[in-house]
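In what follows, a single structure is set out as structure tokens and then discussed.
The values are calculated or read from the model by the stated rules, or taken from the named source; none is laboratory data. Being a predicted model, the structure only gives us computed values, none of them experimental. Counting neighbours? That spans all protein chains shown, and the Cβs are built from the backbone with ideal geometry, glycine included.
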Amino acid sequence: MGAIMVTAVFIPFVMLAAMGIPSARPILLKLAPWAALPAFLVAVLFPTGTFMAMPWLFLGGAFALDLTAKVFLAFSAGMWLAAGIYAKGYLEANHDDRKLPFFAFFLGTMGGNLALISAQDMVSYIAFFAIMSFCAYGLIIHERTPANLFAGRVYIAMTILGEVSAFGGMVWAASIAGGHTGFPEVTAALLEQPDRAAILLLLFVGFGIKLGVMPLHVWLPLAHPAAPTPASAVLSGVMIKTGLLLWLRLFPFDEPAVFDGGALVAIGLATAFLAAMIGMTQTHPKALLAYSSISQMGLVAIAIGAGLLMDAGHAAVLGAVLIFAAHHAIAKSALFLGVGIAATDLSTAMRRVLIAGLAMAGAALAGFPLTSGIAAKAGIKAAAGATETGWTPWLDWLVPLTGVTTMLLIVRFLFLIAAPPGEAHGRLNRYMLIPWAVLTLAIPMLPLLILAMGWASPREIGFYPRGVFAAAWPPLMGLAIAFVVFKASAIRSTLAAIRIPAGDVLYPVLRVSDFVRGLLRLVVLTPAQTAQRVPARVNTLSADIRGRVLQRAAKSEAFALGIILMTAIALGMAFIL
């Protein structure tokens, strides 16, 4: 049974390898959208505890379907399946002939994502994490515009930083575990290690970049608008949670760790509120949704931090985090797929249906009653309130307030979507419509599934009168604030004038970098060249350098080739080990 599980998870890799045979490509392109189906069936049908050892893989790979892996594999494979079917219709609607490179990178990213979920050792996890991360670069730069290539460069730079930090933290953790790489052994060693803060910091940075917590988030709002819509859905709905999965695997929850947990709670709170405020200034729907994802991952960081602050914290937060991860994957994927549908040629009636569906998905993110959001937010709030430390009174009222900011983001998003596009990108087809409709209908069904499976009681997920009221007032307050802003033209015009570029803190860094590079250029000029060129260069320094960088990036095949070679070398070294 374990062999069947591993085979199903590795099917995307098999299909990717078979694409090297030209005669097989037409069949594989038809099958590629369905590549995640076997993994989804494994997650749903196979019993918890299914295990398979692969001693020949890396330093001895182990794969198991424990509760965490089962839940992550179910919603991850489900979102990849929905995105794959949607991608078939999306590429046809946009008359995009680059199906082979898209699905090649799509399968590589999917394979790495699905394989790492059931990995039970650090070497297997980091290897498949790297495959997923580097293959996603090809999805981000699918359309080779200068802006997309710039987003790809930012993404790959942050990915390399994350890989180096994660690898360093894992090697250090393995060294204190006596050379063991299995998650249980390493976690036990971390529990006994008093000076673990530096190791946890490396793991936090390495996997926090993928999760998107501030200030490690800058790639997300650039990558989402750049990637095709189905790729954006899995980037936000699935891939960013691989960092969360590693935190659940390795962080030492079973002993109070006030310093580690308190820092993570503070970072989570800052992320939840700052990302929402920046997101409200965005004019691109997918950039706004990217900041919404960053804000929601702040809530996850709060829950993980709370777990580090209490005895038996893993058991206290695990259920809440798993429900939240599944809920966010479904709701956020539905929102992203809806953006692609909104860009097609829709009738007035169909656009109203789309807005209604997107409003329900957005209300779920804000934690509105009778949606999956109430179950997710109730669990997070309960975990945060159980810390019994100095953070408790703050979290009791700050966590519900995130529902206000989330609802404001969703109202802003719906206004952006409601306006018909200036130029429609093709006609809506069933391959786009069906996955979006299924995900939208799954939002109110998720809490019913949780109750039916006995994973939580109605009280635990907020399904009782007081719980419903507690969940309802934050999004309703957000709606009231949005109504006041809409009616007050002075406030509306003031807010409209505030524009923070996607990537926010990245741009001041680029400005400083441009200035320093410009000064270095001036230093090497001769006096005659300086007298001739300084005035113009002072006025156009930033724009000139950035334009040159983007021009070279757009024309550079060497950059893409370098990424491919680097990935090949990394994989080769991993297999040699």
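Figures for the structure shown
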| read-out | value |
| --- | --- |
| Residue in the range 137-144 that is aromatic (F, W, Y) and either surrounded by fewer than 20 Cβ atoms within 10 Å (Cβ to Cβ) or at pLDDT below 90 (or both) present | no |
| Hits in the range 39-67 (condition: surrounded by fewer than 19 Cβ atoms within 10 Å (Cβ to Cβ) and in a helix (DSSP H, G or I)) | L41, V44, L45, L67 |
| Qualifying helices (runs of 4 or more DSSP H) (wholly inside the range 204-307; at least 1 residues being over 30 Å from G182 (Cα atoms) and touching a residue at least 60 places away in the same chain (Cβ under 8 Å)) | 220-226, 229-234, 258-279 |
| Flag if L201 is over 16 Å from I294 (Cβ atoms), part of a helix (DSSP H, G or I) and more than 10 Å from the chain's Cα centre (by Cα) | yes |
| Qualifying positions in the range 328-372 - assigned to a helix (DSSP H, G or I) and modelled with pLDDT under 80 | S372 |
| The range 123-149 residues that are assigned by TED's automatic domain parsing to the domain that holds H224, paired with ones that are acidic (D, E) (beta carbon under 9 Å, 6 or more apart) | I126/E163; F129/E163; A130/E163; S133/E163; F134/E163; H142/D96; E143/D96 |
